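The values are calculated or read from the model by the stated rules, or taken from the named source; none is laboratory data. The model shown is predicted, which means the values in this text are computed figures rather than measured ones. Neighbour counts are summed over all protein chains in view; Cβ atoms, including those assigned to glycine, are modelled from backbone coordinates with ideal geometry. Remember, those area values only see protein heavy atoms, side chains included, never the ligands or the DNA or RNA. Shrake-Rupley method; radii C 1.70, N 1.55, O 1.52, S 1.80 Å.
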Amino acid sequence: MVQKEPAWEILGGWSPFMGAKPTNDIATRVETVGSLMGRRLFQPASIQRDFKWEAANCVALFEDIYRVFSAHYDVAEEDDDDNLLSLSPDDLQTGDLSGVAPEIETVIEGPPNAYLLGPMYLAPPKNGVSEVYDGLQRLTSLTILLSVLRDRVSLVSKEWGDWIHGFVEDAQWGYRLTYPVKSHKETGTARWLTELAQKRGESIKFRRNLESNTPRGRVTRAIREFRRLTQDMSATELTAFAEFLMTRVRVVAIQIEDMRLARQAFVTSNQRGVALSAVDILKGVLMDIAGNDDRARQVKDVWDRISTTPDLENFMSAVDYIERREQQGPSHLVEFGDYLAEARPGFAILEWMERLESLSHAWRLLKTAVYDPKQDPFDGDLWRLGLQNWNEWKPLALHFIFVYQQAQLENNKRRMDVVENRFSDFHRRAMAISLAGLGAKARHAIIRRAIEQSEGLTGDGKSRNCMSLSYGALRLKPTQKDRALRQLSTGFDDYEARVAFLRWLESLHWTREALPDYVAGGTVEHVMPTSPSPDAKQWAIDFPDQDARLGLCNMLGNLILIDRETNNKAGSGDFSEKVKFYREMKQPFAMSEEVAQLNKWRPQDIVARSERMREFAIEQLDWDGTE
């Protein structure tokens, strides 16, 4: 007689041989951010790190959420069509760079009106407080974001400000997220999260930028980024976004009783797994779209040639942007595949693959030019675009290069000249956008409209110059221009923007033939250091007012671009010691030479040099069309 296996073996469940039957020690619940943060108090578990996220992590979190929000919230954009009435036929003719981006006729379903933030591992509440095993960085960043939203909204609506504040602080029990003071090596987060963010009104106060790798520096930078990302949002949009964040953004809250299991979950979620390539998924979709084996083989042949394209995933992202002109989230290439299945079925996908291969050639030129200015056919202007600390410029640059290469095949010199002029303007407009502190959502709107203007997709079918200072998509609005001018006058808060600007400004001191590629790796040196070494006595003599010294420190005139080795050697000593290393640099930097020739560095030197650099920058930005 055959003995049947027990049901618990077939089902893979608990068996008597496993010891005592476990209790239900894991509970999973999908909650909104509002229900999660509005009903609990939180502390980091002992295994957790302090707050470690940098500005880029906070920006990515905000932009992923905002992308879904903006797809369902009607954000009004300035329309420039009134400025087009004065255009001459010649303006329209010289602006014609169409031939890449299609008119979008196929309606593809947009993202759902919700956003899933992912799992969070929590311990059951103890004395009213849940320990956070995984998800602390997101929870801290959300707390800082809510603090910024609360303080911005409170300026126009106390009622809305009070509502948002309820998710930051419980009226009876205090702040909803608190870091312990003694259980972490870095005790600063407990103080700075409270003092700089959670306290009402603190997040919108101006504070000097901190670049130190400390909790205070990271909290300060997170606040700065969230302020920048929300600075152009109206009061109505701010409240709508806050409501979306609390009611439409969801979290998988996983409550684990066993601390050992919770620690294991933390380790597993942070150290395991191999991401599936979105490009591989797209390749399979393209072959499915082909519809039969013969067309699928043709698609595969072209794809095999394209697959050697450098930085393939970013290339496909740029192509996706040119095609759909939508903000891109983590699953955008999957959405692109859905779009192509509707818009390019059957034979149409073969024609599209041919154009994709041509775009691949254009992308190869882009990557080569960004790497080496001497191989840039646009006098180093495409290389200068590569100095930017944001990437939204790439689809528009790819579009221009594609048009340029097609014009080469047709021997159309006039069209080639137009593209060269576009690149001459493009790197200047891009730097102006950086100086104005525009975030990803604003840059997305600008580049989308620029592609549509170039392609003649703005309504009447006529292509236009997207760089025009009277109607072009890349021109700054007056309020944005004012912000850029303030940045030039008072100095840079954003470290990455500061580096990009100084590299760009340095590059403009060189001809194309002499422009060295090492400028792209130049590092920013504060001539007067932010924190002078204890042995550096002269700084206190020449700059006796400490507050004034801190104000001068990040001004343009106090910054030079030098190589990393020299930067490390120069240190934070007196000027008489630092300048020796400036003079011995193996790789010359044009803007550092005038500083290297001096014997003293005083406040008046910083102010005078700042004004010279500001005037030179404004001349090069050419945002008044003087050139």
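Where residues in segment 121-145 are more than 17 Å from Glu54 (Cα to Cα) and in contact with a helix residue (DSSP H, G or I) (Cβ under 7 Å, 6 or more places away or on another chain), which of them is surrounded by the fewest Cβ atoms within 10 Å (Cβ to Cβ)? So the residue we want is Ala123. The set of residues from segment 288-325 being touching an Asp or Glu at 6+ places or on another chain (Cβ under 9 Å) and without any contact (Cβ under 8 Å) to a residue 40 or more places away in the chain comprises Ala296, Asp320.
Residues in segment 265-280 that are loosely packed, with under 14 Cβ neighbours inside 10 Å and assigned to a helix (DSSP H, G or I) were compared, and the one that is modelled with the highest pLDDT is Asp280. Against the conditions (1) open to solvent by 40 Å² or more (accessible area, probe 1.4 Å); (2) at negative phi; (3) not aromatic (Phe, Trp, Tyr), Leu312 satisfies every one except (1).
Any residue at all in segment 526-545 that is open to solvent by less than 10 Å² (accessible area, probe 1.4 Å) and closer than 20 Å to Ala500 by Cβ? Yes: segment 526-545 contains one or more residues that are open to solvent by less than 10 Å² (accessible area, probe 1.4 Å) and closer than 20 Å to Ala500 by Cβ.
Table: residues versus (1) in contact with an Asp or Glu (Cβ under 9 Å, 6 or more places away or on another chain); (2) free of Cβ contacts under 8 Å to residues at least 60 places away in the same chain; (3) closer than 16 Å to Arg295 by Cβ; (4) crowded, with 16+ Cβ neighbours inside 10 Å.
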{"site": "Ala348", "(1), (2), (3), (4)": "no, yes, yes, no"}
{"site": "Glu351", "(1), (2), (3), (4)": "no, yes, yes, no"}
{"site": "Leu366", "(1), (2), (3), (4)": "no, yes, no, yes"}
{"site": "Val370", "(1), (2), (3), (4)": "yes, yes, no, yes"}
{"site": "Pro373", "(1), (2), (3), (4)": "yes, no, no, yes"}
{"site": "Asp376", "(1), (2), (3), (4)": "no, no, no, yes"}
{"site": "Asp379", "(1), (2), (3), (4)": "yes, no, no, yes"}
{"site": "Leu382", "(1), (2), (3), (4)": "yes, yes, no, yes"}
{"site": "Leu387", "(1), (2), (3), (4)": "no, no, no, yes"}
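Note on segment 578-598: among residues that are touching a residue at least 12 places away in the same chain (Cβ under 8 Å) and under 23 Å from Pro534 (Cβ atoms), the one that is most open to solvent (accessible area, probe 1.4 Å) is Phe581. If you take the residues of segment 399-431 that are surrounded by fewer than 20 Cβ atoms within 10 Å (Cβ to Cβ) and among the small types (Gly, Ala, Ser), which of them is nearest to Ala473 (Cα to Cα)? Per the stated criteria, the residue is Ser424.
Quick one: count up the residues across segment 508-549 that are part of a loop (DSSP other than H, G, I, E, B), touching a residue at least 60 places away in the same chain (Cβ under 8 Å) and closer than 21 Å to Gly571 by Cα. Residues meeting the conditions: 5.
Please pick out the residue among Glu354, Glu326 that is outside any helix (DSSP H, G or I) and among the acidic types (Asp, Glu). Step through it out loud before you land on a result.
Details: Glu354 fails: outside any helix (DSSP H, G or I).
Glu326 is the lone residue from the list that is outside any helix (DSSP H, G or I) and among the acidic types (Asp, Glu).
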